[in-house]
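Participant: I'd like to ask you about the structure that follows.
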Amino acid sequence: MLENFLNQFWPATVDGLSLGAIYALVALGYTMVYGVLRLINFAHSEVFMVGTVAALFTLTTLGVSGQLGGVALIGMLLFIAVVAIVASGVTAVGLEYIAYRPLRKRGGSRLAALISAIGASLFLQQLFALLVIPGLFNLPQEGGRLPVQAPGWVLRSDVISIGDFIVRNDKLLVVVAAVVMMVALDQFVERTKLGRGIRATAQSPENAVLMGVNIDRIITATFAIGGAMAGVAAALYLMRFEETNYFVGFLLGIKAFTAAVLGGIGNLRGALLGGLVLGLIEMYGSAIFGSEWQHVVAFVVLVLVLMFRPTGILGESLQQARA
Amino acid sequence: MRHRTIVRLGAALAAASLALTACGGGEEQGGAAGGASPGAAGTVKIGLMGDLTGENSGIVIPLRNAAQLAFEEYNATNPATKIEMVEYDSQGVPEQATALAQQAINTDKIVGLIGPAFSGESRQVGPILEEGMIPSVTASATNPGLAENGWKYWHRIVGNDNSQGSAVAEYMTRALGTKKAFVIHDNQEYSKGVADVVNQTLGGSGVTIETDVIDPQGSDYASTVNKVKAAAPDAIFYGGYYAQAGRLLKQLRDGGVEATFLSGDGSLDDGLAKGAGGTNADGAIVSCPCLIDPTGKAGPASKKLADAYKAKFNSETAIYSGEGYDAATAFIEAVKAGKTDTASINEYLKTIDIPGVTKQIKFAENGEPATSDVYVYLFEGPSYSLLGNTKEAEKPAA
């Protein structure tokens, strides 16, 4: 057991970080919406799924056939990321307008919004399985539930190779991109006017209104930003795994939500930390106990952390962030 | 899926006409048949259950097609009693399968069932069929435990996982010279069953084995890849279905693992090559207790089915189409012999002994087929071809 852990330590670390980086980007969507609305947007997993489908459709439409490496890979990744950001962002904002805003305007309880979120999630999954995926990729209708593969477009090569510590280009890109997006978002919330509006709404919606903040606009922006981050995650996911399906968001969404809670829900930096920690725990746990224990180990650690730090590792939330 | 809609509609009509005629005490059957064939004793319904639209439907569609072909050929001879095939799309989910089985017995009044296609759903549906006294012939559920329930109405026309697992393990040691193996499965009933037998048989011949388990819903198999890399085996056996097998194989090859990849019948689909991407699946060897023979080299019956299948569906015969055809033939022979109720059909299946496409259609006391051989297939490009019987096939040229 311990021997397994030791001889797989470096590969597990690299894979854990690259897995965790995707969790972290998706976790941002959960954490931002929660910070502002106190709502767990369970349909966020489908926001991610829509992004992967849009990115995959772009790849097949462009007819990318050769394997790309280096600058070409980064360029193509940026391009599909832009498409995925738009698709995911529009989906997230659409969800807010259709599934949440009407409930809020009529004074629906938070529980009603939660049910609405679950409904929207199932609706999107089945819509994609039955219509969108078969339609976009020219599959027979029963093919909508099968995984759809991208053409092999990523040329994988080792960027760093020191003994056991081998970092492949795609894994490195995932982590770097996630950290860059994270820092950019953090600065955005800290420094811009819109960011101040988001923080103000998170602290106290009533007072924010009195101070002239347009709350509806802030909420729309929050969903759009969360969706955009899921779009980035979707593009990275497609680079790593080169396939998607209608159900791809489900497990990943649960894990991202877990990462958000682990890091401290409502806290942007917590989402990054939670994602990376969760990814590492899963990979270390798999190395020690076997891959079938991956989820068990992850959730045991979550429970332990919450027992001692009920607000997550960082705890401090978006509302308490220094102005 | 126009066809299925029609069948469903037919089933609904039949149910409606039953309800109507029940009051008048008129004939009970004939509504769905459209009232053709005058003077006919009517129509009996044979169900077909399996994953027709789900993730692993690629394994079930060919057997559905072949069964449909068999029934259509039979109905075209204008027999006294026609057979209507009613489809039940369980998506391979046991909970859905049990609900559909109740519907099949109580509402649709089927007299026999082809399927369920997978072992997990078979285990759940078996007791329901037993209670409803519905004879079943599965063409693809290969879990050995199914034969040990003492079910009197259950049969299969395909060799079980024990026969497959031990045959492929022997092939690994004999033809491939495997000394160090890595056995992976996805913890589903079928997958674990076949992987366990491979494990035991390899262990019995002194092969060093390491194991791991993957999550079929997961997408990142990095931890498994790391374990395989650390173990550096000559061969990897994966017990599971093609969607995950393709994903796993891709990540293994991307991770630089070169070892020969083997798997069982659940992975025998072009989807494996598609999922693995590029040329990753080239050289993968997949075993199956089924005979897939689109060129008809195994014999004239095989050739005849391949041609008819191609003419009707514009595609080659694939996994379990021969077995699906044989399962349908078993019921057709029963109906031909004038058996149209569940009890007499079941009695007939005990005595049936006729040549089928894949093997002699003959069942042992416990419902298992009387004979079974295991074949290995080699992936090359987007598809696979027959390598031969595990007892004789050699290592493919690199």
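Participant: Please report the Cα spread of the stretch A:25-249 along all three principal axes, rounded to whole Å, starting with the longest.
Facilitator: Computed over the stretch A:25-249, the largest-to-smallest principal extents equal 56, 44, 30 Å.
Participant: Under 5 Å between amide H atoms, partner at least 5 residues away or on a different chain: which partners does B:L113 have, H built in plane at 1.01 Å?
Facilitator: B:G47, B:S136, B:V137
Participant: Something else: Determine, from the Cβ-Cβ distance of B:N366 and B:S344 and an R0 of 25 Å, the FRET efficiency 1/(1 + (r/R0)^6), rounded to the nearest 0.05.
Facilitator: After rounding, the FRET efficiency stands at 0.75.
Participant: Spelling out what I want: for every residue of the stretch A:224-241, take phi, set θ = phi - 60°, compute 6.51 cos²θ - 1.76 cosθ + 1.60 (Karplus), and round to whole Hz; glycine and proline get x.
Facilitator: 4, 5, x, x, 4, 5, 5, x, 4, 4, 5, 5, 5, 4, 5, 6, 6, 10
Participant: List the extent of the Cα atoms of chain B along each of their three principal axes, largest first, rounded to whole Å.
Facilitator: 74, 40, 39
Participant: Return B:W154, A:W10 ranked ascending by Cβ neighbour count within 10 Å, so the fewest neighbours appear first.
Facilitator: The order, fewest Cβ neighbours first, is A:W10, B:W154.
Participant: Could you calculate the FRET efficiency of A:I98 with B:E316 from 1/(1 + (r/R0)^6), where r is the beta carbon distance between them and R0 is 35 Å, rounded to 0.05?
Facilitator: 0.15
Participant: Compute the acute angle (0 to 90°) between the alpha-carbon long axis of helix B:300-313 and the principal axis of greatest extent of the alpha-carbon atoms of chain B; round to the nearest 10°.
Facilitator: For B:300-313 against chain B, the angle is about 80 degrees.
Participant: Where the only charges are on Cβ atoms (+1 Lys, Arg; -1 Asp, Glu), what is the dipole of the stretch B:143-224 about its Cα centre, to the nearest 20 debye?
Facilitator: 400
Participant: Which of the lysines could a cross-linker bridge to B:K227, judged by Cα under 28 Å and excluding same-chain residues fewer than eight apart?
Facilitator: Excluding near neighbours in sequence, the set is A:K171, A:K255, B:K179, B:K180, B:K192, B:K250, B:K274, B:K395.
Participant: Taking the Cα-to-Cβ direction at B:A76 and at B:Q102 and moving 7 Å from each Cα, how far apart do the two end points lie in nm?
Facilitator: So the two model labels end up 4.0 nm from each other.
Participant: Kirkwood hydrodynamic radius of the stretch A:1-83 from all distinct Cα pairs, in Å?
Facilitator: Every distinct Cα pair counted, the radius reaches 15.8 Å.
Participant: Only counting other Cβ atoms within 10 Å, I'd like A:K105, B:K180, B:K250 sorted with the fewest neighbours first.
Facilitator: Listed from fewest to most nearby Cβ atoms, that is A:K105, B:K180, B:K250.
Participant: Sticking with this structure for a sec: I'd like to know which of A:G163, A:A184, A:I198 lies farthest towards the positive end of the charge dipole of the stretch A:147-200, counting +1 on Cβ of Lys and Arg and -1 on Cβ of Asp and Glu.
Facilitator: Ranked along the dipole, the leading option is A:I198.
Participant: If I model a spin label as a point 7 Å beyond the Cα along the Cα-Cβ vector, how far apart are those points for A:A72 and B:N149 in nm?
Facilitator: 5.5
Participant: Report, to one decimal in Å, the Kirkwood hydrodynamic radius for the protein assembly as shown based on all distinct Cα pairs.
Facilitator: Evaluated on the protein assembly as shown, it is 27.5 Å.
Participant: On to the next question. Go through the stretch A:217-222 residue by residue and turn each phi into a ³J(HN,Hα) via Karplus (6.51, -1.76, 1.60, θ = phi - 60°); whole Hz please, and just put x for glycine and proline.
Facilitator: Here the 3J(HN,Hα) series is 5, 5, 5, 4, 4, 4 Hz.
Participant: Now, a different point. Mind sorting A:R110, B:R247 by how few other Cβ atoms lie within 10 Å of their own Cβ, fewest first?
Facilitator: So the residues, fewest neighbours to most, are A:R110, B:R247.
Participant: Calculate the spin-label point distance for A:F188 paired with B:K336, positioning each point 7 Å from the Cα along the beta-carbon direction, and give it in nanometres.
Facilitator: 7.0
Participant: Something else now. Between the helical axis of B:242-254 and the dominant principal axis of chain B, each derived from Cα atoms, what acute angle in degrees is found, rounded to the nearest 10?
Facilitator: 20
Participant: Using only alpha carbons, build the gyration tensor for the stretch A:1-159 and give me the equivalent ellipsoid semi-axes, biggest first, whole Å.
Facilitator: 32, 24, 15
Participant: Sticking with this structure for a sec: When the dipole is taken about the Cα centre of the stretch A:25-249, and only Lys, Arg (+1) and Asp, Glu (-1) are charged at their Cβ, what size is it in debye, to the nearest 20?
Facilitator: Using only the charged Cβ atoms, the result is roughly 740 debye.
Participant: Set the Förster radius R0 to 25 Å, insert the Cβ-Cβ distance between B:E130 and A:L122 as r into 1/(1 + (r/R0)^6), and round the FRET efficiency to 0.05.
Facilitator: Given R0 = 25 Å and the Cβ-Cβ separation, E is 0.15.
Participant: Rounded to whole Hz and in sequence order, give me ³J(HN,Hα) for the stretch A:167-175 from the Karplus expression 6.51 cos²θ - 1.76 cosθ + 1.60, θ = phi - 60°, writing x for Gly and Pro.
Facilitator: Whole-Hz 3J(HN,Hα) from phi for the stretch A:167-175: 10, 8, 4, 5, 5, 5, 4, 4, 5.
Participant: Only Lys, Arg, Asp and Glu count, each charged at its Cβ (+1, +1, -1, -1), so figure out the dipole size of chain B about its Cα centre, rounded to 20 debye.
Facilitator: For this selection, approximately 540 debye.
Rule-based calculations on the coordinates, nothing more; no lab input. Here the structure is a predicted model, which is why all the values come from computation and not from measurement. Using ideal geometry, Cβ is built from the backbone for each residue, glycine included, and neighbour counts are taken over all protein chains shown.
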